[in-house]
Amino acid sequence: MAWKHGPKPVIGLLGGIGSGKSTVARLFAQEGCAVIDADALSHEIQKTPEVQLELRQWLGDTIFDPTGHVSRKALGAQVFQQPEKLQRLNSLIHPRVGKRRDELMTVYLRDPAVKAVIWDTPLLVETGLDRECDVLVFVNVPQPLRQQRLIEKRGWSPDELARREKFQIALDKKAALADYDVDNSGDEVASLRQVQRVLSHLFQAQRS
């Protein structure tokens, strides 16, 4: 089987907000995969002087916390209220994330210790990056459990989840695009077994 990027597969993660895609990505990492976390890259980029200057000129000082860093909560409260603001933020951040992703891809594709590269990207389908993946894995968690996790971890209300999800493609459509499904509603041991099965099947198919 030939991979789109050469020597090893790129596995894209899909799933709803609060489904635990980052947890599943970490489990793939335990199995020898390299993870490119777009959310983490975005936070790194928001700390750069040029981006901070543009955000401050555009949205003001209220989106910064006392340490001078961009407050994720304050930024989200502004941009997720207005689609045009979200679009402008994405146009500022996404190209820089893409450049950093390309740099990491070069490193990971050359590293013989890396079995596969995992793309943990919130808007994978919405930005068309799913078409650059060899395999798509849908992280499946029922909505009530996702809501419970978001209440506990981020203090989100059901309205907040609904408001943010309206900017994303429906989950049933994402699930239909996926090659594999990982049920992440149980404990990590159960999720790890599923991750191992995905990799086993993937590389077995490659050898056949």
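Which ones in segment 95-131 are under 27 Å from Val51 (Cα atoms), assigned to a helix (DSSP H, G or I) and either among the acidic types (Asp, Glu) or touching a Lys or Arg at 6+ places or on another chain (Cβ under 7 Å) (or both)?
Once the filter is applied, which keeps residues that are under 27 Å from Val51 (Cα atoms), assigned to a helix (DSSP H, G or I) and either among the acidic types (Asp, Glu) or touching a Lys or Arg at 6+ places or on another chain (Cβ under 7 Å) (or both), segment 95-131 yields Asp102, Glu103, Asp130.
Restricting to segment 35-73, give me the number of residues that are more than 27 Å from Thr106 (Cβ to Cβ), of a type in the set (A, V, I, L, M) and either surrounded by fewer than 15 Cβ atoms within 10 Å (Cβ to Cβ) or at pLDDT 95 or above (or both).
1
For segment 74-113, give me the residue count where each residue is buried (at least 16 other Cβ atoms within 10 Å of the Cβ) and in contact with a Gly (Cβ under 8 Å, 6 or more places away or on another chain).
Counting residues in segment 74-113 that are buried (at least 16 other Cβ atoms within 10 Å of the Cβ) and in contact with a Gly (Cβ under 8 Å, 6 or more places away or on another chain) gives 1.
Here is a list: Gln204, Gln196, Gln148. Which entry is in contact (Cβ under 8 Å) with a residue 24 or more places away in the chain and over 16 Å from the mean Cα position of the chain (by Cα)?
Testing whether each residue is in contact (Cβ under 8 Å) with a residue 24 or more places away in the chain and over 16 Å from the mean Cα position of the chain (by Cα) leaves just Gln196.
Looking at segment 19-47, which of its residues are in contact (Cβ under 8 Å) with a residue 40 or more places away in the chain, more than 11 Å from Leu192 (Cα to Cα) and outside any helix (DSSP H, G or I)?
Passing the criteria: Ser19, Gly20, Gly32, Cys33, Ala34, Val35, Ile36, Asp37.
Going through segment 71-108 one residue at a time, which ones are in contact with a strand residue (DSSP E or B) (Cβ under 6 Å, 6 or more places away or on another chain) and either over 28 Å from Arg26 (Cα atoms) or hydrophobic (A, V, I, L, M, F, W, C) (or both)?
Of everything in segment 71-108, just one residue is in contact with a strand residue (DSSP E or B) (Cβ under 6 Å, 6 or more places away or on another chain) and either over 28 Å from Arg26 (Cα atoms) or hydrophobic (A, V, I, L, M, F, W, C) (or both), namely Leu104.
The values are calculated or read from the model by the stated rules, or taken from the named source; none is laboratory data. Given the structure is predicted, the values throughout are model-derived calculations rather than measurements. Here Cβ is always computed from backbone atoms with ideal geometry, including for glycine, and neighbour counts include all displayed protein chains.
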